[in-house]
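> Following this message is one structure expressed as C-alpha cells.
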2 protein chains.
Amino acid sequence: MEAKAARADIRLYVVAPLAVGEALRLDERQSHYLLRVMRLAPGDTVGLFNGRDGEWLARIEDTARGGCTLTPIERIAAQVTEGGPWLAFAPLKKDALDVLIEKATELGVGRLIPVLTQRTQGSRVNIGRLSAQAIEAAEQCGRLTVPTVDEPMALARLGEKWPAERRLLLLDETGEGRPLADVLRDWPVDARDAGFVCGPEGGFAPEELDGLGKLPFAVRVGLGPRILRAETAALSALACWQAWRGDWRDDPAARTGRR
Amino acid sequence: MEAKAARADIRLYVVAPLAVGEALRLDERQSHYLLRVMRLAPGDTVGLFNGRDGEWLARIEDTARGGCTLTPIERIAAQVTEGGPWLAFAPLKKDALDVLIEKATELGVGRLIPVLTQRTQGSRVNIGRLSAQAIEAAEQCGRLTVPTVDEPMALARLGEKWPAERRLLLLDETGEGRPLADVLRDWPVDARDAGFVCGPEGGFAPEELDGLGKLPFAVRVGLGPRILRAETAALSALACWQAWRGDWRDDPAARTGRR
C-alpha cells in the first residue's frame, strides 16, 4: 500500500525520543487528528520531530481502539539549533494573541515571554493554550523545534532577567525610536542574538518605556509613521530581523557583515 | 463642555468634501458608532478624513433621531500622497483574509488586488466587505487615505495590466527566489514603486509561478526556510519593504541610495 502522506505534508511534534524501531503511541488528540481528521491508516507515513532528534518518517503500525502507534523508520532531517529571536509581549485580546503566537512561530521565534505591563488587559495568560498554538504552527511551518513559552512576568523583571549579551529592541510606538532598518544595518558584527519587546493594546506607559530604554542592552526602534497594532508591530519586527540578520539569507556573510 | 475625544483618538473616513463650516451628516453605521458605542455627544470632536482634503477636527452639532451631523472646524493635517506598495493576493479563508486586509492597511498598502489562481478556494470575493475592513484599519492606524480594493481578476490578467515601471515581487514559496533583503538592498535608485503578489493556501501552481517569473518587471523573492502562510508572507514582505524602501525611514536618502 502506498503511503498517503508525503514527507512534509503531515508533521507532528512529540515528546518521546525518536530512534529507528522505537514504537511510540500518540495521545488521544493526535491519534484523532491522524485517523479521523486526516483519515490515515496503518502503513501510512507522517513526519515526527521532538526538538532533539531531527525529523523522522514514521509509519502507522496499529490503530486499535482509536489510539495510534507509530514506528520511526528513517531520519529525514538532522536536528539543527534554531535559536531564533526572543519575543516579549504583553498579552493581547484572544484573536490578536492567536495571530501573534502563530505568526511569531512561523517567523522563527525562539522564545515567547509574556510580560505584564501597566496597561495590560487582564493578567491571566493560559500558557498551555499558547504552547499548543506554538506547537501547531511549528508542525505546519516545517520547524524542527517549538518555541519556549515562559511563565508571565512583570515587565520590570524582564530587564533584570535579560542576558546582557542579547540586544533588546523596544518596539516604541511614540515615534522616538530609531528606524528599524538603520538599527539592523548597523548591527554589531559580534552581536548575534536579539529579542524584541512589544507593549499592550494601549502601549507602554511612559515610565515603562523610559525604564526599558535605560537598560544597557536596549535600543528603542521605530516602525514608521502609522500606528501599528501590537501584534502587527511584533510580526513586522520579526520579519525584518529574519530578512536582514536571521535565517532568510542563504549566505551568513550577508548577515554578519555590514552591507 | 470639554471635548471627550483627543485629536487622534477617534477618526472616521468619510466620502464628503471637508471644508470649514461645511456640515455633513454621517450614515447610520458611523452615527451609531460615535453616539452609542463611543458615547459622544454634541460639542465633542472627532477626526475626519476623506483621502483628498487632509484630516479635520470636526465637532458634533446635532444628534437628532440617532443621526450625527458634524462641522469641520480646523484642518489638523494636510493631505499627503500615500502611494504605498500594491498587494495582489489570492483570496484566503475568512480569518486569514481579515488579518491580511487589516495588517496590509496598517503597513501602508496602496492598492489591494484580489487575483484568482488555480488553487484559489472559491472565486467569490466580497469587495464591499474588504473595503470596509480596509477603511476601519485606515481609521485606526492614522492614515490619510484608504487603500483601493480592485475587482478580482484572473492571475494571467495581472501581468497584462501591471504597469511596467512598477516592480512586481513574487513571494515564491518554492525556495528558488532570491532573498528579499538582497533584492531590497540592490533596489535600483530610480525604481520607486513596488508591488507584491502572494498565492493561495496551497501555493501557486508551477506554471503560474513560471509565467509570472518571466514578466520583465517581476522578481522571484524568497522568505526563508520555513513555510509561511500566505498572509504571513504578504505581511512580512510589506513590513520589509516599508522598513527599507518605504516610509519607515525618516531620511529619504537612506531609502533611495544603496546602503
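The values are calculated or read from the model by the stated rules, or taken from the named source; none is laboratory data. Computed from a prediction, not measured in an experiment: that's the story for all the values here. Don't worry about glycine lacking a Cβ; one is built from the backbone with ideal geometry, like all the others, and counts go over all protein chains shown.
> Please enumerate the residues belonging to the stretch A:217-247 that are at the interface with another protein chain (Cβ under 7 Å from one of its Cβ atoms), modelled with pLDDT of 95 or more and under 16 Å from the mean Cα position of the chain (by Cα).
Scanning the stretch A:217-247 gives A:T232, A:L235, A:S236, A:A239, A:C240, A:Q242, A:A243.
> Going by the conditions given, is B:G66 on the phi > 0 side of the Ramachandran plot and either among the polar types (S, T, N, Q) or without any contact (Cβ under 8 Å) to a residue 40 or more places away in the chain (or both)?
yes
> Would you check if there is a residue in the stretch B:243-252 being over 22 Å from A:P225 (Cα atoms) and either surrounded by fewer than 16 Cβ atoms within 10 Å (Cβ to Cβ) or of a type in the set (G, A, S) (or both)?
no
> Give the stretch A:207-232 a look and list any residue that's crowded, with 24+ Cβ neighbours inside 10 Å and out of contact with any Lys or Arg (no Cβ under 9 Å at 6 or more places or on another chain), or say none.
A:L223
> List, please: which pairs have Cβ atoms under 7 Å, are six or more places apart or on different chains, and start with a residue in the stretch A:97-117 that is more than 17 Å from A:S236 (Cβ to Cβ) and end with one that is of a type in the set (D, E, K, R) and part of a loop (DSSP other than H, G, I, E, B)?
A:G110/A:E82; A:R111/A:D150; A:I113/A:D150; A:P114/A:D150
> Let me ask another. Which of (1) charged (D, E, K, R); (2) within 14 Å of chain A (Cβ to nearest Cβ); (3) under 30 Å from B:G47 (Cα atoms) does B:E151 not meet, given it meets every other one?
(2)
> Name the residue that is surrounded by the fewest Cβ atoms within 10 Å (Cβ to Cβ), counting only residues in the stretch B:7-52 that are touching a residue at least 60 places away in the same chain (Cβ under 8 Å) and among the small types (G, A, S).
Among those that are touching a residue at least 60 places away in the same chain (Cβ under 8 Å) and among the small types (G, A, S), it is B:A8.
> Considering every residue within the stretch B:207-216, establish whether at least one is assigned to a loop (DSSP other than H, G, I, E, B) and touching a helix residue (DSSP H, G or I) at 6+ places or on another chain (Cβ under 6 Å).
Looking through the stretch B:207-216, at least one residue is assigned to a loop (DSSP other than H, G, I, E, B) and touching a helix residue (DSSP H, G or I) at 6+ places or on another chain (Cβ under 6 Å).
> Consider the stretch B:46-73. How many of its residues are under 26 Å from the mean Cα position of the chain (by Cα) and part of a strand (DSSP E or B)?
9
> Still on this model: Taking the stretch B:183-206 on its own, how many of its residues are within 12 Å of chain A (Cβ to nearest Cβ), surrounded by fewer than 19 Cβ atoms within 10 Å (Cβ to Cβ) and assigned to a helix (DSSP H, G or I)?
Looking only at that region, the number is 1.
> Got at least one residue in the stretch B:82-94 being without any contact (Cβ under 8 Å) to a residue 40 or more places away in the chain, of a type outside the set (D, E, K, R) and touching a Leu at 6+ places or on another chain (Cβ under 6 Å)?
For the stretch B:82-94, residues without any contact (Cβ under 8 Å) to a residue 40 or more places away in the chain, of a type outside the set (D, E, K, R) and touching a Leu at 6+ places or on another chain (Cβ under 6 Å): absent.
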